[in-house]
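The block underneath contains the structure these notes are about, expressed in C-alpha cells.
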Amino acid sequence: MAIKVTALKYAESTLPQSSVLQGGDAQKALPISFIVHLIETEGKRILADAGCETMPGFDMRHFCSPVQLLKSLGLQPEDITDVVLTHAHHDHIECVRYFGRALIHIQREELEEGRPYIPTGSKVHAFDEEYEVCPGVHILKIGGHTKGSCIVELEAAGEEYIIAGDECYRSECLEKKIPTGSSYCPEKSRAFVEKYGSGRYHVLLCHDEKLLPGRNGTKVLLCVQ
C-alpha cells in the first residue's frame, strides 16, 4: 500500500519543563514546535490535526499558517478529504474551519469541547474507542493527555508508525519512559510511554523541537510506494 506522510511545521515556541515532562521544573522553558501531518494514501488526503493561527499566551516564532504550508505543496484546503483531530485543544483544532469539504473525525468525549471550533454544517464523524479512516490509517483513543485524546496509527511496509498528538511532546519522554506533565490521566500517560517507547514503533511527534529548527516548512517523514 502506498502511503506518504509529510510534516507541516508552522511555528516554534516554548513550554515549561513541568508541562513537557512529569516532575519537570516549572521555571525552565523547553523549545517545542507546532506541527500537523498530511497523510496521502488510497485516494485520500488526511490531515492529522488542523493547527492554529492564534495561540494566546505563547510567543509564536517562525509562524506560517498551516493552510499556506499546504499551498506550498500545491494543495488547497478543499483537497483535504479528512481531518483527524487528536484532541480538541486550540492549537490542534482552530484551523479546522478551513476544511469545509473534509469529513472531520473526533473522539466523542472531545466533541463537546471542540464543537465551538467546528462550523455549522460540517461533516462530523464522532467515534468512541477506535476507527479505521481507510486501510492502514487507524485512530485509537488513549485518554492520557485529555479525556478523549487519540493517536493515529499507520501501517507501512511492515512497520508501525504513530502520530502521537499530545500524548508526549519530546522523544525524551519515550526514551526515558517519562510521561508528559500535561496529563488528564497520569496512569494512561505512563502506559503510553511504556508501550510506544518500546522501540517497536516509529513515533511522529506534533511538537518535535528537532524538526526544521529555526524555521517553518515541510518535510517528508514517510514515503512508501
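The values are calculated or read from the model by the stated rules, or taken from the named source; none is laboratory data. Keep in mind that what you see is a predicted model, and the values were worked out from it rather than measured. FYI the Cβ positions are ideal-geometry reconstructions off the backbone, even for glycines, and counts take in every protein chain you see.
If you go through the range 187-215, how many residues are over 15 Å from the mean Cα position of the chain (by Cα) and part of a strand (DSSP E or B)? Matching residues across the range 187-215 total 1.
Mind checking whether some residue in the range 17-35 is over 21 Å from THR146 (Cβ atoms) and at pLDDT below 95?
The first filter runs over the range 17-35 and keeps only residues over 21 Å from THR146 (Cβ atoms), leaving 25, 27-29, 31.
Still in the running and at pLDDT below 95: none.
No.
Per the listing LEU47, LEU70, LEU8, the residue uniquely buried (at least 20 other Cβ atoms within 10 Å of the Cβ) and out of contact with any Asp or Glu (no Cβ under 9 Å at 6 or more places or on another chain) is LEU8.
Residue by residue, here is whether (1) at pLDDT 95 or above; (2) surrounded by 21 or more Cβ atoms within 10 Å (Cβ to Cβ); (3) touching an Asp or Glu at 6+ places or on another chain (Cβ under 9 Å); (4) more than 25 Å from GLN225 (Cβ to Cβ) holds:
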position: ARG115; (1), (2), (3), (4): yes, no, no, yes
position: HIS138; (1), (2), (3), (4): yes, no, yes, no
position: LYS147; (1), (2), (3), (4): yes, no, yes, yes
position: GLU155; (1), (2), (3), (4): no, no, no, no
position: GLY165; (1), (2), (3), (4): yes, yes, yes, yes
position: LEU174; (1), (2), (3), (4): yes, yes, no, yes
position: SER182; (1), (2), (3), (4): yes, yes, yes, yes
position: SER189; (1), (2), (3), (4): yes, yes, yes, yes
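Would you mind listing the strands (runs of 3 or more DSSP E) fully within the range 1-119 where at least 1 residues are aromatic (Phe, Trp, Tyr) and under 12 Å from the mean Cα position of the chain (by Cα)? First the steps, then the outcome.
Details: elements: 3-16, 29-41, 44-48, 82-85, 103-107.
Correct list: 29-41.
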